[in-house]
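The values are calculated or read from the model by the stated rules, or taken from the named source; none is laboratory data. Note that the structure is a prediction, hence the values are computed from the model and not measured. Counting neighbours? That spans all protein chains shown, and the Cβs are built from the backbone with ideal geometry, glycine included.
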Amino acid sequence: MSRKQTPLRPYFEKMPEIGKQLREGEVRRSQANVELVREQEEIIAQEILRVKNAGIPAEKVHSRGGMTIYDRLEYLVDEGTWSPLHSLYNPTDNEEGCTGVVNGIGKIEGKWAVIIGFDNKVMAGAWIAGQSENILMVTDMAKRLNVPLVWLTNCSGVKLMEQETVYAGRRSSGAPFYRHADLNHLGIPILNGIYGTNPAGGGYQGISPTILLAHDGANIAVGGAGIVGGMNPKGYIDEEAAQALIEGTKNFKGKVPGRVETHFDQTAYFREAHDTEQGVLDGIKDYMRMMPAYDPTVFRVAEPAEPKFSLEDLNLILPANQKRPYDAIQILARLTDNSEFMEYRPDYGREVFTGIAKIDGFPVAFIGNQQGVFPGYPDYANGEYPGVGGKHYREGLIKQGEFVTLCGRDNLPIIWLQDTTGIDVGDLAEEAELLALGQSLVYSIEQTELSMMCVVLRKGTAAAHYIMCGPQANNNNAFTLGTPLTEIYVMHGETAAAASYARRLVKEEAAGNDLAPTLEKMNQMIQDYQDKSRPAYCAKTGFVDEIVSLPELRKYIQAFTGANYQNPKSITPVHQMLLPRIIKG
Amino acid sequence: MPELIAPIAGNVWKILVAVGDKVELDDELVILEALKMETPIYCDDAGTVTEIKVKEGDAVNEDDVLIVID
């Protein structure tokens with residue numbers, strides 16, 4: 001008789017259970033909190049709708065027999081797996097209301113891919129400001145997760161009226177072509193479905209991926225047919241030059257270069273040409289089935305299981321009032337398989353939790369801030385002040401660095417749950433080496449080859465936002481999520497106002513002057529900090545890669561985990577893992 | 001007679017009930033302010049508020065009795 005089992009079963013099959021059911025009274029008193037969460041969700045939903053409606057109406061595309069980028073994605077991506085990213089990204093406040101590309105992570109034919117396409121409703125997919133940065137974030141994600149990048153190209157090239165915002169510079173719209181070459185070099189395939197007219201930059205966008213599939217109406221070329229005039233020796237346009245331009249345009253009969261009859265029939269750059277838009281997407285699906293991917297069984301340590309508690313509870317547990325503490329383990333219990341968690345050194349560095357959990361049966365690591373007050377902690381304070389949740393102290397920093405290093409050894413992807421107000425400050429903190437230990441944690445992260453994702457549950461503040469694998473961890477952080485309760489700033493607005501104006505207040509008072517003008521400036525600063533730290537602002541500026549409702553967090557964690565284990569570059573045999581043994585002792 | 005105890009030292013920021021009020025398990029009765037945080041104190045049994053031993057603005061120590069419930 002054959003017998004089969006998951007590896008290291010005594011450690012992973014049944015881990016310690018965490019969390020508890022919310023009591024009736026807890027649910028009752030948290031209803032106002034749910035309303036506050038919903039308010040922010042509504043703001044985000046309205047913004048996303050605005051972005052989706054950017055450019056020409058979808059009906060106009062449909063009336064021409066075409067599909068919008070959203071139609072293409074819906075047809076291409078496996079149902080229920082699409083996890084959009086950068087939906088509101090628009091750091092330079094483009095008049096288009098977006099950066100003209102739509103992207104995220106999802107499954108195609110059962111395999112995870114990073115997927116990006118030009119919004120063909122917005123200036124036929126033109127290069128606009130902020131777009132190249134958006135694309136680079138996405139190519140970096142494919143590189144980090146080692147999964148295919150799928151492009152839906154439909155790119156009219158530079159928005160000529162604003163060429164200075166996209167054309168030149170280190171991270172300009174030419175940089176993605178190098179990124180594509182980099183991905184190819186690393187063995188990460190890029191599948192490209194090509195639609196519409198793609199001249200110049202659009203042409204390189206078309207040619208730079210690994211496998212090219214075209215719609216019959218598509219073309220890719222070094223330059224377009226629209227350049228009918230060329231250089232005017234006068235250096236300006238007068239009536240005579242305008243007339244020549246008009247005649248030239250009227251009489252232009254040429255076809256656009258780089259059509260399917262050239263690049264399928266002649267050069268054979270295109271592997272496939274399809275007479276329908278869906279045909280191109282079917283072609284991508286065919287190629288996705290050929291992409292490298294392990295069966296999940298290879299890396300699973302248990303059968304997948306849902307958390308024991310409702311994800312909707314998260315809206316009740318996480319307080320919208322940023323000054324309120326909560327039980328962080330109650331959050332974790334709603335994210336992990338069967339609400340289980342094997343905690344690493346729970347009695348050391350109490351302000352953070354670290355440990356192993358399962359997501360869809362895969363082993364992963366979690367690190368997060370505890371909340372509340374810790375009397376008698378940290379030791380180095382000698383009782384002068386108590387420890388406060390969200391802050392980092394000596395033991396917690398050592399524990400995180402140690403845990404990250406062990407995760408690197410065991411190849412455990414890490415999910416960070418940030419809600420942090422900073423690292424402890426003052427002479428005692430300096431003597432306790434917190435400055436060096438913070439950077440030591442950064443070093444530990446950088447030393448690993450791990451993928452990590454970060455969720456800023458509420459506060460991402462001061463250097464603590466950096467050291468807990470914020471998006472600044474360029475080589476490890478695959479993506480960062482915010483929630484409807486996220487606030488990201490260097491310090492709270494009131495603290496910043498006090499730091500900026502305290503001396504002036506002293507001077508004004510000593511001089512017998514009216515304090516009102518200074519107070520007005522301070523309050524303006526506080527308001528400004530408030531306005532520029534809210535979830536929609538964080539998403540627009542790229543502080544986070546997406547704002548996600550709290551119950552949706554697990555879906556993104558599943559996407560991150562599944563993608564990470566699809567085709568890992570490095571493997572630790574589960575039965576040789578060290579961390580579970582260290583935890584058990 | 002159940003007593004509601006301050007879990008940490010701090011200032012009484014808000015008192016959300018009055019003597020004679022009927023309260024239920026998990027109702028929020030007092031909010032302490034300390035270390036830039038609000039610490040809500042919840043009712044751990046149903047009953048009637050018979051005595052409030054503090055007023056808003058008072059400084060309290062850890063383990064001080066805040067409210068008595070019958």
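Counting only strands (runs of 3 or more DSSP E) that sit completely within region A:439-493, those holding 3 or more residues that are within 17 Å of A:Ser533 (Cβ to Cβ) and not hydrophobic (A, V, I, L, M, F, W, C) correspond to A:452-461.
Among the residues of region A:99-146, those identified as closer than 19 Å to A:Arg179 by Cα and of a type in the set (Phe, Trp, Tyr) are A:Phe118, A:Trp127.
For region A:20-35, what are the residues that are more than 11 Å from chain B (Cβ to nearest Cβ), in a helix (DSSP H, G or I), under 16 Å from A:Tyr326 (Cα atoms) and not polar (S, T, N, Q)? Working first, answer last.
Going through region A:20-35, the residues more than 11 Å from chain B (Cβ to nearest Cβ) turn out to be A:20-21, A:31, A:33-35.
Applying the additional criterion that residues be in a helix (DSSP H, G or I) yields A:31, A:33-35.
Those still in the list that are under 16 Å from A:Tyr326 (Cα atoms) too: A:31, A:33-34.
Residue satisfying the conditions is A:Val34 alone.
Output the residue which, of all residues in region A:568-585 that are basic (Lys, Arg) and part of a helix (DSSP H, G or I), is farthest from A:Thr405 (Cα to Cα).
For region A:568-585, the residue satisfying everything is A:Lys584.
Out of A:Leu281, A:Leu316, one residue alone is more than 19 Å from A:Thr420 (Cα to Cα), within 14 Å of chain B (Cβ to nearest Cβ) and either under 26 Å from the mean Cα position of the chain (by Cα) or acidic (Asp, Glu) (or both). It is A:Leu316.
Across region A:287-297, the qualifying residues are those that are touching a residue at least 60 places away in the same chain (Cβ under 8 Å) and either of a type outside the set (Lys, Arg) or at positive phi (or both), and the one among them that is farthest from the other protein chains (Cβ to nearest Cβ) is A:Tyr287.
One line per residue, one yes/no per condition, for (1) surrounded by fewer than 20 Cβ atoms within 10 Å (Cβ to Cβ); (2) within 27 Å of A:Phe362 (Cβ to Cβ); (3) modelled with pLDDT of 95 or more:
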{"site": "A:Leu212", "(1), (2), (3)": "no, no, yes"}
{"site": "A:Ile246", "(1), (2), (3)": "yes, no, no"}
{"site": "A:Thr249", "(1), (2), (3)": "yes, no, no"}
{"site": "A:Gly254", "(1), (2), (3)": "yes, no, no"}
{"site": "A:Gln266", "(1), (2), (3)": "yes, no, yes"}
{"site": "A:Tyr269", "(1), (2), (3)": "yes, no, yes"}
{"site": "A:Thr276", "(1), (2), (3)": "yes, no, yes"}
{"site": "A:Thr297", "(1), (2), (3)": "yes, yes, yes"}
{"site": "A:Ala302", "(1), (2), (3)": "no, yes, yes"}
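Quick check on A:Ile329: is it within 14 Å of chain B (Cβ to nearest Cβ) and of a type in the set (Val, Ile, Thr)?
No; evaluated as a whole, the condition is false for this residue.
Among the listed residues A:Gly376, A:Gly383, A:Gly361, A:Gly372, identify the single one that is within 20 Å of A:Leu450 (Cα to Cα) and either surrounded by fewer than 21 Cβ atoms within 10 Å (Cβ to Cβ) or within 27 Å of the chain's Cα centre (by Cα) (or both). The unique qualifying residue is A:Gly361.
List the strands (runs of 3 or more DSSP E) that sit entirely inside region B:5-70 and contain at least 1 residues that are at the interface with chain A (Cβ under 10 Å from one of its Cβ atoms).
By residue number, B:10-15, B:28-34, B:37-42.
Of the residues that make up region A:373-389, is at least one modelled with pLDDT of 95 or more, within 22 Å of A:Lys555 (Cβ to Cβ) and away from chain B (no Cβ under 14 Å)? Checked region A:373-389: no residue is modelled with pLDDT of 95 or more, within 22 Å of A:Lys555 (Cβ to Cβ) and away from chain B (no Cβ under 14 Å).
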